[in-house]
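Peer 1: Before we start, here is the structure in question, set down as C-alpha cells.
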Amino acid sequence: MNRRILLALHRWLGLIAGLWLLTLGVTGIFLDHDEWRWLRQVEVPENWLSPSMKRYLPATVMRYVASDPTDENRWIGGSERGLWMTHNRGVSWEKLLFPNNRHPQVLRFAKIRADGKPIIVIATDDGLWAMRNFGGSITRLALEGHFINMISPGAHPGSIIGVDDFTGVFSLNVDQPEVIQMHDFDRPHITGLPDTVTLYQFLFDLHFGYGLLSREWSTWINDFGGFAVAILSLTGFLAWYLKRKWRRTKTPPQPTRRRLIMTGLYRGHAPVIGILGIVPILYLSITGILFNHILTFIEWGEAREVRRESLPPVWRYQSLEGEIDQVVAFSGEPERMLISTRFGVLETLDGGATWSAEKPLGAQRGQLFRSGEHIFYSTNLRQFYVRRGNQESWDTMSGLPSIVYDAEFTDAGLFVKNSRGFFKEKGQYAFEVDSLNHPDLEAATLYLFMIEIHTGNVFHKEFRWISDVLTVMGILMVVTGPILWWRRKW
C-alpha cells in the first residue's frame, strides 16, 4: 500500500511539473553553451524581452571598440553579433563583413602598431583576423577554427598575446603569424589565493557549469543534468499516456509489444537516466530556486564562506587549464603577465612558473584588458581599476554603472565602453555618459530570450514563485524515484 501511494505521488508530481521541468532542462543546456554562435546571432523581436532583460541588450550589440587615430569621428565596434563602423560619431553605423560571407563572433580587439602603422587584430570563435587599414578589408591572420577568447597587445612591438579556449596562452608577431609561441603554465605555483570563498561564488559557479571539475567537464555534467530532466519528463509522460490510451482503445497492441515498449520506457526512465542524474538534478534544482531570488541570495550567500580545500578539485588550482579568462602582457617585459581567473587577477614575473594574487583587486571574476600602456580591470561588484603598465599601484575609476569591456585613448580624451554605452573621462578617472551611441539593431538575441524562458520572465515577472513550487516537485520526484526503483531494479 505504501508503495502504491508513493507511486501515485510520484506520477502526479510528474504530470503537474513535467512540462516546466522539460523546459528548464532544454533551455538550461542551451544556456550552458554561450559559445554556440547561432544562439548569439539568431535574432528575435526586441519586444519579446522583459524590461529587466532589455538592459543587457546593448552589451550584445557592442562590447569592444577602436577609434581612428586620424579622425575621432570614425569608430569600429564589435561583439558576438558582428562588426560595425561609424563615420559620424555614432549617428549611423554600417556593418563590416568578413571574407567569404563568414560571420564569426567577435570576442576581443588588440590595437597595436607594426612598422609604425596601426593594426586592429580581431579575436573570434574562428581564429584571428587583421584589419591593417582602419575600416578596410579584413584578412585571415592565424589559428583558423580556434575559439580565441582573449587577445591583447604583446610585450614586443607588432606582437599580441592571447588565450585559446580559456586554456592555452600564446604569443605571435603579426608579420610572422605562422610562428606561434605557446606559454607553458603546467603545474604552476600560486600564492596569495584566499583560504575561503563565499557560498554565493561557489553556488554561482556550480549552477553555471564551472564549479566541479574542469570548465569542459563541469559543463558536460550540467548538460547531463538538463538532459536527464528532459528525458525523465518525456518518458514519464509517455508511460502514463500510453497506458491510458491502450486501456481506452479497442485494438491495443499485442501484450508482447506493450510489454516491450513499457519496459524500454521504464529502463530509460528509472535505472539509467534517473539514477545517474540524481546529483546534477538536485544541485541544479536547489541552486535554481536560489537564483530565482537573486538579490536575497546574493546578500545571504556573500555573508557565508566555505574553505577552499573542502570544495571540488577545480577550486584548489593545481592547474590553470580552462581557468584563464583574460591575459595581459607588459610592454618590454615578456616574462611578466597578468591573467584574470575565478580568484581575480594573478601576476607572474617568470613566464608562468610562479603566480601571485593581486589582493587589492579582490578575488572575483572580472574583465582584464590593456589599451595603450594602461591596464584596466573591473568586476560585477562595481569595482573599477586602472593603472599604467610601469606602475605598481591601481587607481580607482568612478562614475561607471557596470563592468567595463574596453577603453580607447583619443585626442578628445579617454573613453570606456560597458553594457550601458560609452563613457568619457572628465578628469582623475571620473567618467560621465557620452553622446556616442552604438548601433540600434532593433532586435534581441535568441540567447537572451532563452534566459527569459528559463527564468519564467517570459510569462510574468513573479512567475519565479510558480517555478519554485514546480522545482520543489521535481526535487520530491528525485527523492521518491530511487525508492520506487529499489524494489523493481530493471
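Peer 1: Take the alpha carbon atoms of the chain, find their radius of gyration, then divide it by 2.2 N^0.38 Å using N residues; give the quotient. Walk me through the numbers on the way to the answer.
Peer 2: Values: Rg = 25.7 Å, N = 490, 2.2 N^0.38 = 23.2 Å.
Dividing the Cα Rg of the chain by 2.2 N^0.38 Å gives 1.11.
Peer 1: Project the alpha carbons of region 109-266 onto their principal axes and report the range along each, largest first, in whole Å.
Peer 2: Projected onto its principal axes, the Cα set of region 109-266 covers 85, 47, 25 Å.
Peer 1: Still on this model: Let a ≥ b ≥ c be the square roots of the eigenvalues of the Cα gyration tensor of region 245-295; is it rounded (a/c under 1.5), or, if not, prolate (a/b larger than b/c) or oblate? Walk me through the numbers on the way to the answer.
Peer 2: On the way: a/c = 9.12, a/b = 2.49, b/c = 3.67.
Oblate, since a/c reaches 1.5 and b/c is not below a/b.
Peer 1: Just subtract the alpha-carbon distance of residue 440 and residue 191 from 0.36 nm times their residue separation and send over the number in nm, one decimal. Please list the in-between numbers first.
Peer 2: On the way: separation 249, 0.36 × 249 = 89.64 nm, distance 4.56 nm.
Working it through step by step, the gained length comes to 85.1 nm.
Peer 1: Which whole number in µm²/s is D for region 323-472 by Stokes-Einstein, with the Kirkwood Rh taken over Cα pairs at 25 °C and 0.890 mPa s?
Peer 2: 138
Peer 1: In whole angstrom, how far apart do the alpha carbon centroids of region 33-66 and region 180-240 sit?
Peer 2: 24
Peer 1: Still on this structure, I have one more. Report in % the part of the accessible area of the chain that belongs to carbon and sulfur, leaving out ligands and nucleic acids; probe 1.4 Å.
Peer 2: Working: 13530 of 23760 Å².
C and S fraction of accessible area: 57 percent.
Peer 1: When you count, for each residue, the other Cβ atoms within 10 Å and take the mean per peptide, how do 245-253, 411-419 rank with the highest first?
Peer 2: Going by the mean number of other Cβ atoms within 10 Å, highest first, we get 411-419, 245-253.
Peer 1: For the full complex of protein chains and a 1.4 angstrom probe, list 156, 454 by accessible area with the highest value first. Provide the component values of the computation, followed by the final result.
Peer 2: Details: 156 105, 454 45 Å².
Highest to lowest solvent-accessible surface, that is 156, 454.
Peer 1: Using a probe radius of 1.4 Å on heavy atoms only, what accessible surface per residue do you get for region 35-146? Whole Å² is fine.
Peer 2: I get 44 Å² per residue for this part.
Peer 1: Can you give me the angle between helix 215-248 and the longest principal axis of the chain, using Cα atoms only, in degrees from 0 to 90, rounded to the nearest 10?
Peer 2: Relative to the chain, helix 215-248 is tipped by roughly 30 degrees.
Peer 1: When the Karplus curve 6.51 cos²θ - 1.76 cosθ + 1.60 is applied with θ = phi - 60°, which whole-Hz ³J(HN,Hα) does each residue of region 445-457 get, with x for Gly and Pro?
Peer 2: These are the phi-based 3J(HN,Hα) values: 9, 4, 4, 5, 5, 4, 4, 4, 5, 4, 8, x, 4 Hz.
Peer 1: Could you sort the peptides 305-314, 442-451 by per-residue average Cβ neighbour count (10 Å cutoff), highest mean leading?
Peer 2: With the highest mean Cβ count within 10 Å placed first, the list reads 442-451, 305-314.
Peer 1: I've got another one for you. Pairs of alpha-carbon atoms within less than 8 angstrom and 6+ residues apart define the contacts here; what relative contact order does the chain have, in percent?
Peer 2: The value is 20 percent.
Peer 1: How would 146, 87 line up by accessible area, probe 1.4 Å, largest first?
Peer 2: Highest to lowest solvent-accessible surface, that is 87, 146.
Peer 1: Next question, about the same structure. Cβ under 11 Å from residue 218's Cβ, residue 218 left aside: what net charge do those residues give with Lys, Arg +1 and Asp, Glu -1?
Peer 2: Values: positive: 215; negative: 32, 205, 216, 223.
Neighbour charge sum, excluding residue 218 itself: -3.
Peer 1: Ok, one more. What does the accessible area of residue 117 come to, in Å² to the nearest 10, when a probe of 1.4 Å is used?
Peer 2: For residue 117, solvent-accessible area is about 130 Å².
Peer 1: Tell me, what is the per residue accessible area of region 321-395 in Å², probe radius 1.4 Å?
Peer 2: Values: 2730 Å² over 75 residues.
Solvent-accessible surface per residue comes out at 36 Å².
Peer 1: Give me, ordered by chain and number, the residues 5 or more places off residue 410 or on other chains with an amide H under 5 Å from its own placed amide H.
Peer 2: 415
Peer 1: Over the chain, how many pairs of lysines fall under 26 Å by alpha carbon, counting only those 8 or more apart in sequence or from different chains?
Peer 2: 17
Peer 1: Protein chains only, probe 1.4 Å: how do 455, 235 rank by accessible area, largest first?
Peer 2: 455, 235
Peer 1: Distance between the C-alpha centers of region 82-125 and region 248-319? Whole Å please.
Peer 2: Region 82-125 and region 248-319 have Cα centres spaced 42 Å from each other.
Peer 1: On to the next question. Rolling a 1.4 angstrom probe over the protein chains, ignoring ligands and nucleic acids, what is the accessible area of residue 11 in square angstrom, nearest 10?
Peer 2: 90
Peer 1: Looking at the square roots a ≥ b ≥ c of the eigenvalues of the Cα gyration tensor of region 346-399, which shape do they give, rounded for a/c under 1.5, prolate if a/b is larger than b/c, or oblate?
Peer 2: Note, shape of region 346-399 comes out oblate.
Peer 1: Is region 186-330 rounded, prolate or oblate when judged by the Cα gyration tensor, a ≥ b ≥ c being the square roots of its eigenvalues, rounded requiring a/c under 1.5 and prolate requiring a/b larger than b/c?
Peer 2: Prolate shape, in that a/c is at least 1.5 and a/b is the bigger ratio.
The values are calculated or read from the model by the stated rules, or taken from the named source; none is laboratory data. Quantities reported herein were computed from a predicted structural model and do not represent experimental measurements. When we count neighbours, we look across all protein chains shown, and the Cβ atoms used for this are built from the backbone with ideal geometry, even at glycine. When the accessible area is computed, the model is the full protein with side chains, heavy atoms only, and any ligands, DNA or RNA have been set aside. Shrake-Rupley method; radii C 1.70, N 1.55, O 1.52, S 1.80 Å.
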